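Some notes on the structure that comes next.
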Amino acid sequence: MLKSIDPLLNADVLYALRSMGHGDDLVLCDTNFPADAVARQTVLGRLLRIDNVTASHAARAILSVLPLDSFVDKPASRMEIVGQPNEIPPVQSEVQATLDAAQGRSFPMASVERFAFYELAKRSYCVIQTGERRFYGCFIFKKGVIPPDVA
């Protein structure tokens, strides 16, 4: 155990988060996402897991240590529902609330069409699969920077 680090962040996940650079993408996905196949095409090349938790619980743990990119308009994205791109299912509302809380303000996510999401995911740094069983519990977070301390 480590102080001030959410215990959901296992050694493999912490390694990936620390290894990512500014602008690298992290995919957080549900249990139905083709996670292993997509993860094999990422920079890391293997699937990471945060099992037995919802997408919002995993997002809260990740966002407790991962800064989001302030150089892009939408550093967080969600997968659109096929045929209903403007509908926001409960799983996405929950992650949106988690994102807003982590950022300390309203922080709207971009929406990405399903097959475009898969292509972005293949070019990401890593894929982390959760225990989320609800459909469309898939998100992309773009890593930002932590500024130096000002004396």
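The values are calculated or read from the model by the stated rules, or taken from the named source; none is laboratory data. Remember, it's a predicted structure, so these values are computed and weren't measured experimentally. All Cβ positions, even for glycine, are placed from backbone atoms using ideal geometry, and neighbour counts span all protein chains on display. All accessible areas refer to the heavy atoms of the entire protein, side chains included, with ligands and DNA or RNA removed. Shrake-Rupley method; radii C 1.70, N 1.55, O 1.52, S 1.80 Å.
The table below gives the values:
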| read-out | value |
| --- | --- |
| Largest to smallest accessible area among Phe135, Phe33 [probe 1.4 Å] | Phe135, Phe33 |
| Over the chain: helical MRE at 222 nm, DSSP H runs n ≥ 4 each giving -39500 (n - 2.57), nearest 500 | -8500 deg cm²/dmol |
| Heavy atoms of Ser106 accessible to a 1.4 Å probe, total area in Å² rounded to 10 | 80 Å² |
| Relative contact order of region 66-151, pairs being alpha-carbon contacts under 8 Å that are 6 or more residues apart, as % | 51 percent |
| Ordering of 47-60, 10-23 by burial proxy (mean other Cβ atoms within 10 Å per residue, highest first) | 47-60, 10-23 |
| Rough spin-label spacing in nm, given labels placed 7 Å along Cα→Cβ, for Ile81 and Ser106 | 2.1 nm |
| Built amide H within the under 5 Å cut-off of Ile50, gap 5+ | Gln129, Thr130 |
| Ranked order, Val82, Val72 - accessible area, probe 1.4 Å, largest first | Val82, Val72 |
| Listed values (i) 22, 18, 16; (ii) 28, 15, 14; (iii) 29, 22, 14, entry calculated as semi-axes √(5λ) of the Cα gyration tensor in Å | (i) |
| Dipole of the chain, positive end: most advanced residue of Ala116, Ala11, Pro147 [Cβ charges, Cα centre] | Ala11 |
| Distance between region 114-151 and region 1-79 - C-alpha centres, whole angstrom | 6 Å |
